[in-house]
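Engineer: Submitted below is the structure of interest, expressed as C-alpha coordinates.
The values are calculated or read from the model by the stated rules, or taken from the named source; none is laboratory data. Computed from a predicted structure; not experimentally measured. Please note that ligands, DNA and RNA were not included when accessible areas were found on the heavy atoms of the full protein model with its side chains. Shrake-Rupley method; radii C 1.70, N 1.55, O 1.52, S 1.80 Å.
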Amino acid sequence: MDAFLVSTGIVGLAEIGDKTQLLAFLLAARFRRPLPIVFGIFVATIANHAFAAAVGALVSELLGPNTMRWVLGLSFLGMAAWTMIPDEIDPEDAPLARYGVFATTLLAFFVAEMGDKTQVATVALAARYESMAAVVAGTTFGMMLANVPAVVFGERIANRVPLTLVHGIAALIFAVLGLATLLGAGESLGF
(Lines give C-alpha, C1' and ligand atoms only; values in the text may rest on other atoms or scores of the structure.)
Protein backbone atom coordinates (compact mmCIF):
# COMPACT_ATOMS: atom_id res chain seq x y z
CA MET A 1 0.00 0.00 0.00
CA ASP A 2 2.95 2.33 0.67
CA ALA A 3 4.10 2.07 -2.95
CA PHE A 4 0.65 3.08 -4.21
CA LEU A 5 0.17 5.98 -1.78
CA VAL A 6 3.69 7.40 -2.15
CA SER A 7 3.52 7.06 -5.94
CA THR A 8 0.12 8.77 -6.07
CA GLY A 9 1.22 11.64 -3.85
CA ILE A 10 4.54 12.27 -5.55
CA VAL A 11 3.24 12.17 -9.11
CA GLY A 12 0.02 14.03 -8.27
CA LEU A 13 2.00 16.91 -6.77
CA ALA A 14 4.80 16.82 -9.35
CA GLU A 15 2.27 16.94 -12.20
CA ILE A 16 0.75 20.26 -11.08
CA GLY A 17 2.18 22.87 -13.43
CA ASP A 18 4.07 20.19 -15.37
CA LYS A 19 4.22 20.33 -19.19
CA THR A 20 1.80 17.42 -19.51
CA GLN A 21 -0.72 19.21 -17.32
CA LEU A 22 -0.26 22.29 -19.48
CA LEU A 23 -0.88 20.02 -22.48
CA ALA A 24 -4.09 18.80 -20.82
CA PHE A 25 -5.24 22.44 -20.44
CA LEU A 26 -4.38 23.10 -24.08
CA LEU A 27 -6.17 20.00 -25.38
CA ALA A 28 -9.25 20.83 -23.31
CA ALA A 29 -9.32 24.39 -24.64
CA ARG A 30 -8.81 23.30 -28.23
CA PHE A 31 -11.21 20.33 -28.43
CA ARG A 32 -13.73 20.94 -25.63
CA ARG A 33 -14.46 17.19 -25.41
CA PRO A 34 -13.38 16.11 -21.92
CA LEU A 35 -14.16 12.36 -22.03
CA PRO A 36 -11.95 11.39 -24.99
CA ILE A 37 -9.19 13.63 -23.62
CA VAL A 38 -9.37 12.02 -20.16
CA PHE A 39 -9.37 8.51 -21.66
CA GLY A 40 -6.45 9.41 -23.92
CA ILE A 41 -4.47 10.69 -20.92
CA PHE A 42 -5.33 7.55 -18.95
CA VAL A 43 -4.23 5.09 -21.66
CA ALA A 44 -1.08 7.08 -22.48
CA THR A 45 -0.14 7.26 -18.80
CA ILE A 46 -0.61 3.54 -18.19
CA ALA A 47 1.50 2.66 -21.23
CA ASN A 48 4.21 5.20 -20.44
CA HIS A 49 4.42 4.46 -16.73
CA ALA A 50 4.31 0.69 -17.22
CA PHE A 51 7.35 1.05 -19.49
CA ALA A 52 9.05 3.36 -16.95
CA ALA A 53 8.30 0.97 -14.08
CA ALA A 54 9.74 -1.95 -16.07
CA VAL A 55 12.93 0.07 -16.58
CA GLY A 56 13.02 0.87 -12.86
CA ALA A 57 12.58 -2.79 -11.91
CA LEU A 58 15.33 -3.81 -14.34
CA VAL A 59 17.71 -1.18 -12.98
CA SER A 60 16.98 -2.40 -9.48
CA GLU A 61 17.90 -5.96 -10.47
CA LEU A 62 21.09 -4.97 -12.31
CA LEU A 63 22.61 -2.76 -9.64
CA GLY A 64 23.83 -3.95 -6.28
CA PRO A 65 22.07 -2.80 -3.12
CA ASN A 66 24.68 -0.20 -2.15
CA THR A 67 24.86 1.30 -5.65
CA MET A 68 21.07 1.24 -5.89
CA ARG A 69 20.75 3.17 -2.63
CA TRP A 70 23.00 5.94 -3.98
CA VAL A 71 21.35 6.04 -7.40
CA LEU A 72 17.87 6.27 -5.88
CA GLY A 73 18.81 8.75 -3.19
CA LEU A 74 20.51 11.07 -5.66
CA SER A 75 17.66 10.60 -8.17
CA PHE A 76 15.08 11.68 -5.62
CA LEU A 77 17.21 14.71 -4.68
CA GLY A 78 17.55 15.56 -8.37
CA MET A 79 13.78 15.27 -8.74
CA ALA A 80 13.38 17.69 -5.82
CA ALA A 81 15.45 20.29 -7.68
CA TRP A 82 13.78 19.60 -11.04
CA THR A 83 10.32 20.01 -9.52
CA MET A 84 11.13 23.63 -8.66
CA ILE A 85 11.76 24.49 -12.35
CA PRO A 86 8.48 25.59 -13.98
CA ASP A 87 7.50 23.95 -17.27
CA GLU A 88 6.15 25.73 -20.33
CA ILE A 89 4.44 24.51 -23.46
CA ASP A 90 4.15 26.38 -26.74
CA PRO A 91 0.58 26.29 -28.09
CA GLU A 92 2.04 26.12 -31.61
CA ASP A 93 3.58 22.74 -30.70
CA ALA A 94 0.17 21.29 -29.85
CA PRO A 95 -1.02 18.52 -32.17
CA LEU A 96 -3.85 18.85 -34.63
CA ALA A 97 -6.84 16.55 -34.44
CA ARG A 98 -6.14 14.59 -37.60
CA TYR A 99 -6.88 11.28 -35.92
CA GLY A 100 -9.64 12.34 -33.55
CA VAL A 101 -9.54 13.72 -30.04
CA PHE A 102 -8.73 10.41 -28.29
CA ALA A 103 -5.87 9.37 -30.60
CA THR A 104 -4.43 12.90 -30.68
CA THR A 105 -4.47 13.07 -26.88
CA LEU A 106 -3.02 9.57 -26.52
CA LEU A 107 -0.11 10.27 -28.88
CA ALA A 108 0.57 13.79 -27.64
CA PHE A 109 0.49 12.77 -23.99
CA PHE A 110 2.62 9.65 -24.48
CA VAL A 111 5.30 11.61 -26.33
CA ALA A 112 5.18 14.57 -23.92
CA GLU A 113 5.60 12.23 -20.96
CA MET A 114 8.81 10.69 -22.37
CA GLY A 115 11.70 11.90 -20.22
CA ASP A 116 9.33 14.04 -18.14
CA LYS A 117 9.87 14.34 -14.39
CA THR A 118 6.86 12.14 -13.62
CA GLN A 119 8.22 9.40 -15.89
CA VAL A 120 11.64 9.66 -14.25
CA ALA A 121 9.93 9.56 -10.85
CA THR A 122 8.10 6.39 -11.93
CA VAL A 123 11.43 4.76 -12.84
CA ALA A 124 12.84 5.67 -9.42
CA LEU A 125 9.71 4.57 -7.55
CA ALA A 126 9.64 1.21 -9.34
CA ALA A 127 13.29 0.72 -8.45
CA ARG A 128 12.50 1.63 -4.84
CA TYR A 129 9.39 -0.51 -4.31
CA GLU A 130 8.89 -4.19 -5.03
CA SER A 131 5.36 -3.92 -6.42
CA MET A 132 5.58 -2.61 -9.96
CA ALA A 133 1.78 -2.83 -10.27
CA ALA A 134 1.27 -0.65 -7.18
CA VAL A 135 3.72 1.93 -8.51
CA VAL A 136 2.06 2.08 -11.94
CA ALA A 137 -1.40 2.24 -10.37
CA GLY A 138 -0.26 4.99 -7.99
CA THR A 139 1.54 7.09 -10.59
CA THR A 140 -1.39 6.74 -12.99
CA PHE A 141 -3.84 7.73 -10.27
CA GLY A 142 -1.65 10.72 -9.37
CA MET A 143 -1.57 11.79 -13.04
CA MET A 144 -5.34 11.52 -13.26
CA LEU A 145 -5.84 13.45 -10.00
CA ALA A 146 -3.86 16.34 -11.46
CA ASN A 147 -5.07 16.19 -15.06
CA VAL A 148 -8.79 15.39 -14.90
CA PRO A 149 -9.58 18.68 -13.12
CA ALA A 150 -7.34 20.46 -15.65
CA VAL A 151 -9.40 19.01 -18.50
CA VAL A 152 -12.80 19.48 -16.87
CA PHE A 153 -12.38 22.83 -15.15
CA GLY A 154 -9.50 24.28 -17.18
CA GLU A 155 -8.73 27.91 -16.69
CA ARG A 156 -11.23 28.28 -13.83
CA ILE A 157 -8.85 26.44 -11.49
CA ALA A 158 -5.49 27.13 -13.15
CA ASN A 159 -5.23 30.60 -11.67
CA ARG A 160 -6.36 29.54 -8.19
CA VAL A 161 -3.68 26.92 -7.53
CA PRO A 162 -0.52 28.38 -5.94
CA LEU A 163 2.02 26.54 -8.09
CA THR A 164 5.05 27.59 -6.08
CA LEU A 165 3.53 26.10 -2.92
CA VAL A 166 2.58 22.85 -4.67
CA HIS A 167 6.03 22.58 -6.30
CA GLY A 168 7.63 23.28 -2.94
CA ILE A 169 5.66 20.49 -1.26
CA ALA A 170 6.50 18.03 -4.06
CA ALA A 171 10.19 19.04 -3.90
CA LEU A 172 10.18 18.55 -0.12
CA ILE A 173 8.70 15.05 -0.48
CA PHE A 174 11.31 14.12 -3.11
CA ALA A 175 14.08 15.52 -0.89
CA VAL A 176 12.86 13.59 2.16
CA LEU A 177 12.69 10.38 0.12
CA GLY A 178 16.18 11.05 -1.24
CA LEU A 179 17.71 11.71 2.15
CA ALA A 180 15.88 8.78 3.75
CA THR A 181 17.13 6.48 0.99
CA LEU A 182 20.71 7.74 1.32
CA LEU A 183 20.52 7.23 5.08
CA GLY A 184 19.47 3.60 4.64
CA ALA A 185 15.68 3.73 4.97
CA GLY A 186 15.40 1.13 2.20
CA GLU A 187 17.57 -1.52 3.87
CA SER A 188 14.57 -3.70 4.59
CA LEU A 189 13.85 -3.62 0.83
CA GLY A 190 17.37 -4.72 -0.07
CA PHE A 191 19.10 -1.38 -0.69
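Engineer: Tell me, how many Å apart are the Cα centres for the stretch 1-18 and for the stretch 112-143?
Structural biologist: The stretch 1-18 and the stretch 112-143 have Cα centres spaced 8 Å from each other.
Engineer: Would you please calculate the Kirkwood hydrodynamic radius of the stretch 1-45 over all C-alpha pairs and express it in Å, rounded to one decimal?
Structural biologist: After inverting the pairwise mean of 1/r, the radius is 11.6 Å.
Engineer: Would you mind telling me the share, in percent, of accessible area of the stretch 4-79 contributed by carbon and sulfur at probe 1.4 angstrom?
Structural biologist: The value for the stretch 4-79 is 74 percent carbon and sulfur by accessible area.
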